[in-house]
Amino acid sequence: EPEVTQTPSHQVTQMGQEVILRCVPISNHLYFYWYRQILGQKVEFLVSFYNNEISEKSEIFDDQFSVERPDGSNFTLKIRSTKLEDSAMYFCACSGTDTQYFGPGTRLTVL
Amino acid sequence: GENVEQHPSTLSVQEGDSAVIKCTYSDSASNYFPWYKQELGKRPQLIIDIRSNVGEKKDQRIAVTLNKTAKHFSLHITETQPEDSAVYFCAARKEGFKTIFGAGTRLFVKA
């Protein structure tokens, strides 16, 4: 069964540094998403991406965040200048119509 | 804004008993309601979902009911087993748009 993959599994960075989180969605899916989950809390929507553009974003997804699908297979989330409060698990997801499939997540630790 | 309320936050049952988790949603345009199981440090895994044109769906020991008028939906797990212990999230979504998650229910199944 096809799976969503994410790299790296764990990223440690210094506050103020840029990070890029990478995802390879399931190949025939059309909708792509990023979510984050702060330890012990619920999963929070960040952004959805369809037809090579952002279709929806939350208040969390401010100017420090950007997404890109650079080559038709990868889907990336960039955080320009990380803050301590960006420390969380970041999940990529994709869907055809209904079911969203989640990747294994990238644990981001900002020091 | 859109919101999904989930109760209880913690549920402890004896092995073999049933577990019920309840959710309410605020956006009447939501038409898809997935339930996810998340084990510690792992990704959310879809366990069952229901669309708004269906009132009930069952898959072995798991069932979901939806009351669209009241904007309530519930997860029922029968004959619980220790391996059912995890955090369960309900969610609500309009097709192609963001998924709003509930706060999660930590289920403990005591052997």
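Evaluate the stretch A:5-17: report whether one residue or more is without any contact (Cβ under 8 Å) to a residue 60 or more places away in the chain and either more than 14 Å from residue A:95 (Cα to Cα) or open to solvent by less than 40 Å² (accessible area, probe 1.4 Å) (or both). No, that holds for no residue. For the stretch B:87-102, name all the residues that are open to solvent by 10 Å² or more (accessible area, probe 1.4 Å) and at pLDDT 95 or above. The one that is open to solvent by 10 Å² or more (accessible area, probe 1.4 Å) and at pLDDT 95 or above: B:87. Please go through the stretch B:39-62 and give me each residue that is part of a strand (DSSP E or B), open to solvent by 80 Å² or more (accessible area, probe 1.4 Å) and not charged (D, E, K, R), ordered by number. Result: B:45, single match. Please verify whether the stretch B:38-46 includes one or more residues that are away from chain A (no Cβ under 11 Å) and under 27 Å from residue A:88 (Cα atoms). For the stretch B:38-46, residues away from chain A (no Cβ under 11 Å) and under 27 Å from residue A:88 (Cα atoms): present. If the condition is being modelled with pLDDT of 95 or more and either on the phi > 0 side of the Ramachandran plot or open to solvent by 10 Å² or more (accessible area, probe 1.4 Å) (or both), then the stretch A:65-79 contributes A:65, A:66, A:67, A:76, A:78. The set of residues in the stretch A:31-68 being within 8 Å of chain B (Cβ to nearest Cβ), farther than 19 Å from residue B:4 by Cβ and small (Gly, Ala, Ser) consists of A:55 alone. Just one of (1) more than 9 Å from chain A (Cβ to nearest Cβ); (2) open to solvent by less than 10 Å² (accessible area, probe 1.4 Å); (3) among the polar types (S, T, N, Q) trips up residue B:65, so point out which. Tallying (1) more than 9 Å from chain A (Cβ to nearest Cβ); (2) open to solvent by less than 10 Å² (accessible area, probe 1.4 Å); (3) among the polar types (S, T, N, Q), residue B:65 fails exactly one: (2). Apart from one condition, residue A:24 fits all of (1) open to solvent by 10 Å² or more (accessible area, probe 1.4 Å); (2) farther than 12 Å from residue A:76 by Cα; the exception is (2).
The values are calculated or read from the model by the stated rules, or taken from the named source; none is laboratory data. Source: prediction; values computed, not measured. Backbone-built Cβ (ideal geometry, glycine too); neighbour counts: all protein chains shown. Side chains included, ligands, DNA and RNA excluded: accessible areas come from the protein's heavy atoms. Shrake-Rupley method; radii C 1.70, N 1.55, O 1.52, S 1.80 Å.
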